[in-house]
Amino acid sequence: METRGADMEKWTDEPLGFEEVDRLVYLKAALSETLRLYPSVPEDSKHVVNDDVLPDGTFVPAGSSVTYSIYSAGRLKSTWGEDCLEFRPERWLSLDGTKFIMHDSFKFVAFNAGPRICLGKDLAYLQMKSIAAAVLLRHRLAVVPGHQVEQKMSLTLFMKNGLKVNVYNRDLRGIFANIENEKVGEIQGKVSNDLKCNGS
Ligand code: HEM
(Lines give C-alpha, C1' and ligand atoms only; values in the text may rest on other atoms or scores of the structure.)
Protein backbone atom coordinates (compact mmCIF):
# COMPACT_ATOMS: atom_id res chain seq x y z
CA MET A 1 0.00 0.00 0.00
CA GLU A 2 2.92 2.35 0.63
CA THR A 3 3.84 2.72 -3.04
CA ARG A 4 0.69 4.45 -4.27
CA GLY A 5 -1.01 5.66 -1.11
CA ALA A 6 -4.73 5.58 -0.43
CA ASP A 7 -5.95 7.00 -3.73
CA MET A 8 -8.04 4.19 -5.27
CA GLU A 9 -7.73 5.38 -8.89
CA LYS A 10 -3.94 5.39 -8.65
CA TRP A 11 -4.06 1.62 -8.02
CA THR A 12 -6.46 0.67 -10.78
CA ASP A 13 -5.48 3.09 -13.57
CA GLU A 14 -1.93 1.83 -14.08
CA PRO A 15 -0.55 -1.72 -14.05
CA LEU A 16 1.92 -2.61 -11.28
CA GLY A 17 5.58 -1.86 -11.99
CA PHE A 18 8.48 -4.32 -11.52
CA GLU A 19 9.42 -3.00 -8.07
CA GLU A 20 5.83 -3.20 -6.89
CA VAL A 21 5.45 -6.78 -8.13
CA ASP A 22 8.73 -7.56 -6.36
CA ARG A 23 7.20 -6.50 -3.07
CA LEU A 24 4.25 -8.92 -3.25
CA VAL A 25 5.93 -11.43 -0.93
CA TYR A 26 2.76 -13.02 0.45
CA LEU A 27 1.42 -13.55 -3.07
CA LYS A 28 4.72 -15.20 -4.07
CA ALA A 29 4.47 -17.42 -0.98
CA ALA A 30 0.88 -18.38 -1.86
CA LEU A 31 1.86 -19.19 -5.47
CA SER A 32 4.81 -21.32 -4.32
CA GLU A 33 2.58 -23.16 -1.87
CA THR A 34 0.12 -23.78 -4.73
CA LEU A 35 2.92 -25.18 -6.92
CA ARG A 36 4.14 -27.37 -4.04
CA LEU A 37 0.72 -29.04 -3.74
CA TYR A 38 -0.40 -28.73 -7.37
CA PRO A 39 2.74 -28.61 -9.56
CA SER A 40 2.03 -27.69 -13.21
CA VAL A 41 4.44 -30.48 -14.23
CA PRO A 42 3.52 -33.33 -11.85
CA GLU A 43 6.15 -35.84 -12.95
CA ASP A 44 9.42 -35.67 -14.81
CA SER A 45 11.31 -38.37 -16.74
CA LYS A 46 14.93 -38.72 -17.70
CA HIS A 47 16.42 -41.13 -20.24
CA VAL A 48 19.54 -42.98 -19.08
CA VAL A 49 22.35 -42.59 -21.63
CA ASN A 50 25.04 -44.57 -19.76
CA ASP A 51 24.95 -47.19 -16.99
CA ASP A 52 24.93 -45.35 -13.68
CA VAL A 53 24.36 -45.79 -9.95
CA LEU A 54 22.05 -43.40 -8.07
CA PRO A 55 23.20 -41.96 -4.70
CA ASP A 56 21.03 -44.54 -2.85
CA GLY A 57 22.83 -47.43 -4.63
CA THR A 58 20.15 -48.16 -7.26
CA PHE A 59 21.70 -49.32 -10.54
CA VAL A 60 20.20 -47.70 -13.64
CA PRO A 61 21.15 -49.38 -16.94
CA ALA A 62 21.72 -47.43 -20.16
CA GLY A 63 18.54 -47.24 -22.25
CA SER A 64 16.16 -47.20 -19.31
CA SER A 65 14.10 -44.28 -18.05
CA VAL A 66 13.82 -42.78 -14.59
CA THR A 67 10.64 -40.95 -13.64
CA TYR A 68 10.21 -39.07 -10.38
CA SER A 69 6.97 -37.71 -9.01
CA ILE A 70 7.11 -33.95 -8.46
CA TYR A 71 3.55 -34.19 -7.15
CA SER A 72 4.53 -36.67 -4.41
CA ALA A 73 7.77 -34.84 -3.57
CA GLY A 74 5.70 -31.76 -2.66
CA ARG A 75 3.58 -33.79 -0.24
CA LEU A 76 6.19 -35.82 1.68
CA LYS A 77 5.85 -35.66 5.45
CA SER A 78 9.57 -36.41 5.79
CA THR A 79 10.38 -33.28 3.76
CA TRP A 80 7.60 -30.81 4.61
CA GLY A 81 6.58 -31.93 8.09
CA GLU A 82 3.34 -33.00 9.77
CA ASP A 83 1.33 -30.25 8.07
CA CYS A 84 2.55 -31.28 4.57
CA LEU A 85 -1.00 -31.47 3.19
CA GLU A 86 -2.04 -28.08 4.54
CA PHE A 87 -2.00 -25.00 2.32
CA ARG A 88 0.21 -22.74 4.45
CA PRO A 89 1.97 -19.89 2.55
CA GLU A 90 3.73 -18.90 5.80
CA ARG A 91 6.19 -21.78 5.29
CA TRP A 92 7.74 -19.57 2.58
CA LEU A 93 8.10 -16.46 4.75
CA SER A 94 10.60 -15.21 7.31
CA LEU A 95 9.32 -15.31 10.92
CA ASP A 96 8.28 -11.64 10.82
CA GLY A 97 6.42 -12.29 7.52
CA THR A 98 8.26 -9.58 5.58
CA LYS A 99 10.60 -11.67 3.42
CA PHE A 100 10.06 -14.51 0.96
CA ILE A 101 12.36 -17.48 1.65
CA MET A 102 12.83 -19.85 -1.31
CA HIS A 103 13.23 -23.51 -0.32
CA ASP A 104 16.15 -25.48 -1.75
CA SER A 105 15.46 -26.45 -5.39
CA PHE A 106 16.09 -30.13 -4.56
CA LYS A 107 13.36 -29.91 -1.90
CA PHE A 108 10.85 -27.84 -3.89
CA VAL A 109 11.09 -29.56 -7.28
CA ALA A 110 8.15 -27.97 -9.16
CA PHE A 111 10.73 -26.37 -11.49
CA ASN A 112 13.05 -29.42 -11.49
CA ALA A 113 16.57 -28.91 -10.06
CA GLY A 114 20.22 -29.09 -11.06
CA PRO A 115 21.55 -28.36 -14.57
CA ARG A 116 18.10 -28.85 -16.19
CA ILE A 117 16.20 -26.59 -13.81
CA CYS A 118 13.43 -24.57 -15.52
CA LEU A 119 14.99 -21.63 -17.33
CA GLY A 120 11.76 -19.64 -17.12
CA LYS A 121 11.33 -19.84 -13.33
CA ASP A 122 11.78 -16.12 -12.62
CA LEU A 123 9.68 -15.13 -15.62
CA ALA A 124 6.99 -17.58 -14.50
CA TYR A 125 6.85 -15.93 -11.05
CA LEU A 126 6.71 -12.47 -12.64
CA GLN A 127 3.83 -13.54 -14.90
CA MET A 128 1.90 -15.36 -12.16
CA LYS A 129 2.25 -12.47 -9.71
CA SER A 130 1.39 -9.77 -12.26
CA ILE A 131 -1.72 -11.57 -13.49
CA ALA A 132 -2.97 -12.63 -10.04
CA ALA A 133 -2.43 -9.10 -8.69
CA ALA A 134 -4.13 -7.44 -11.67
CA VAL A 135 -7.18 -9.71 -11.49
CA LEU A 136 -7.58 -9.88 -7.71
CA LEU A 137 -7.15 -6.14 -7.21
CA ARG A 138 -10.18 -5.52 -9.40
CA HIS A 139 -12.32 -8.64 -9.03
CA ARG A 140 -13.58 -11.15 -6.52
CA LEU A 141 -13.77 -14.70 -7.87
CA ALA A 142 -16.13 -17.29 -6.44
CA VAL A 143 -16.31 -20.91 -7.57
CA VAL A 144 -19.74 -21.57 -9.14
CA PRO A 145 -21.86 -23.41 -6.54
CA GLY A 146 -21.96 -27.14 -7.25
CA HIS A 147 -18.98 -27.06 -9.63
CA GLN A 148 -16.81 -30.17 -9.16
CA VAL A 149 -13.19 -29.09 -8.72
CA GLU A 150 -11.13 -32.13 -9.70
CA GLN A 151 -7.52 -32.41 -10.75
CA LYS A 152 -6.41 -34.51 -13.71
CA MET A 153 -2.98 -36.06 -13.84
CA SER A 154 -1.16 -35.93 -17.20
CA LEU A 155 2.09 -34.45 -18.52
CA THR A 156 0.76 -31.22 -17.03
CA LEU A 157 -1.64 -31.11 -14.10
CA PHE A 158 -4.94 -29.55 -15.01
CA MET A 159 -8.56 -29.44 -13.91
CA LYS A 160 -10.80 -32.19 -15.16
CA ASN A 161 -13.87 -29.97 -15.45
CA GLY A 162 -12.11 -26.63 -15.79
CA LEU A 163 -12.67 -24.07 -13.08
CA LYS A 164 -15.98 -22.27 -13.36
CA VAL A 165 -16.04 -19.06 -11.39
CA ASN A 166 -18.35 -16.08 -11.06
CA VAL A 167 -16.49 -12.81 -11.46
CA TYR A 168 -17.61 -9.84 -9.37
CA ASN A 169 -16.29 -6.30 -9.43
CA ARG A 170 -14.34 -5.70 -6.26
CA ASP A 171 -15.40 -2.77 -4.12
CA LEU A 172 -12.18 -1.30 -2.78
CA ARG A 173 -13.76 1.74 -1.11
CA GLY A 174 -13.93 0.10 2.36
CA ILE A 175 -10.24 -0.91 2.22
CA PHE A 176 -9.11 2.55 1.14
CA ALA A 177 -11.31 4.25 3.76
CA ASN A 178 -9.56 2.10 6.42
CA ILE A 179 -6.13 3.09 5.13
CA GLU A 180 -7.16 6.75 5.16
CA ASN A 181 -8.44 6.38 8.75
CA GLU A 182 -5.22 4.64 9.84
CA LYS A 183 -3.19 7.45 8.29
CA VAL A 184 -5.26 10.14 10.03
CA GLY A 185 -4.89 8.19 13.31
CA GLU A 186 -1.11 8.01 12.81
CA ILE A 187 -0.86 11.75 12.11
CA GLN A 188 -3.04 12.61 15.11
CA GLY A 189 -0.87 10.32 17.32
CA LYS A 190 2.30 11.99 16.04
CA VAL A 191 0.96 15.53 16.56
CA SER A 192 -0.14 14.80 20.14
CA ASN A 193 3.30 13.19 20.79
CA ASP A 194 5.08 16.26 19.39
CA LEU A 195 2.94 18.53 21.56
CA LYS A 196 3.82 16.46 24.66
CA CYS A 197 7.55 16.58 23.78
CA ASN A 198 7.34 20.36 23.37
CA GLY A 199 5.75 20.60 26.82
CA SER A 200 2.60 22.21 25.42
C1 HEM B 1 4.72 -22.23 -13.25
C2 HEM B 1 5.34 -22.25 -14.41
C3 HEM B 1 6.40 -23.27 -14.79
C4 HEM B 1 6.69 -24.49 -14.23
C5 HEM B 1 6.03 -25.17 -13.03
C6 HEM B 1 7.80 -25.04 -14.99
C7 HEM B 1 8.39 -26.26 -14.73
C8 HEM B 1 9.44 -26.81 -15.45
C9 HEM B 1 10.03 -28.12 -15.22
C10 HEM B 1 9.58 -29.13 -14.18
C11 HEM B 1 11.03 -28.28 -16.12
C12 HEM B 1 11.95 -29.51 -16.27
C13 HEM B 1 11.48 -30.37 -17.44
C14 HEM B 1 12.42 -31.52 -17.68
O15 HEM B 1 13.15 -31.94 -16.79
O16 HEM B 1 12.41 -32.03 -18.77
C17 HEM B 1 11.10 -27.08 -16.91
C18 HEM B 1 12.01 -26.86 -17.93
C19 HEM B 1 12.07 -25.72 -18.70
N20 HEM B 1 11.25 -24.60 -18.58
FE21 HEM B 1 9.74 -24.36 -17.26
N22 HEM B 1 8.15 -24.16 -15.98
C23 HEM B 1 7.33 -23.06 -15.90
C24 HEM B 1 7.34 -21.93 -16.70
C25 HEM B 1 8.27 -21.69 -17.69
C26 HEM B 1 8.33 -20.49 -18.50
C27 HEM B 1 7.40 -19.28 -18.34
C28 HEM B 1 9.37 -20.65 -19.36
C29 HEM B 1 9.90 -19.74 -20.43
C30 HEM B 1 9.70 -18.48 -20.49
C31 HEM B 1 9.97 -21.95 -19.10
C32 HEM B 1 11.05 -22.46 -19.77
C33 HEM B 1 11.63 -23.70 -19.53
C34 HEM B 1 12.75 -24.25 -20.29
C35 HEM B 1 13.48 -23.56 -21.45
C36 HEM B 1 13.03 -25.51 -19.77
C37 HEM B 1 14.10 -26.51 -20.23
C38 HEM B 1 15.34 -26.36 -19.39
C39 HEM B 1 16.38 -27.43 -19.75
O40 HEM B 1 15.99 -28.55 -20.05
O41 HEM B 1 17.56 -27.11 -19.68
N42 HEM B 1 9.27 -22.54 -18.08
N43 HEM B 1 10.13 -26.19 -16.48
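Key figures for this structure:
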| quantity | calculated |
| --- | --- |
| Residue among LYS99, LYS190 that alone is out of contact with any His (no Cβ under 6 Å at 6 or more places or on another chain), at pLDDT below 95 and closer than 28 Å to ARG23 by Cα | LYS190 |
| Within the range 17-52, considering residues that are of a type in the set (A, V, I, L, M, F, W, C) and outside any helix (DSSP H, G or I), the one nearest to the ligand (Cβ to nearest atom) | VAL41 |
| Subset tally (residues that are part of a helix (DSSP H, G or I) and among the hydroxyl-bearing types (Ser, Thr, Tyr)) for the range 97-133 | 2 |
| Condition check for LEU136: within 16 Å of the ligand (Cβ to nearest atom), surrounded by 10 or more Cβ atoms within 10 Å (Cβ to Cβ), within 26 Å of GLY5 (Cα to Cα) and of a type outside the set (Phe, Trp, Tyr) | no |
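So that you can scan it fast, the table gives a plain yes or no per residue for (1) out of contact with any helix residue (DSSP H, G or I) (no Cβ under 6 Å at 6 or more places or on another chain); (2) of a type in the set (D, E, K, R); (3) at negative phi; (4) more than 16 Å from the ligand (Cβ to nearest atom):
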{"position": "LYS121", "(1), (2), (3), (4)": "yes, yes, yes, no"}
{"position": "LYS129", "(1), (2), (3), (4)": "no, yes, yes, no"}
{"position": "VAL144", "(1), (2), (3), (4)": "yes, no, yes, yes"}
{"position": "GLU150", "(1), (2), (3), (4)": "yes, yes, yes, yes"}
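The values are calculated or read from the model by the stated rules, or taken from the named source; none is laboratory data. What you see is a predicted model, and the numbers here were worked out from it, not measured in a lab. For neighbour counting, all protein chains shown are included, and Cβ atoms are generated from backbone atoms with ideal geometry for every residue, glycine included.
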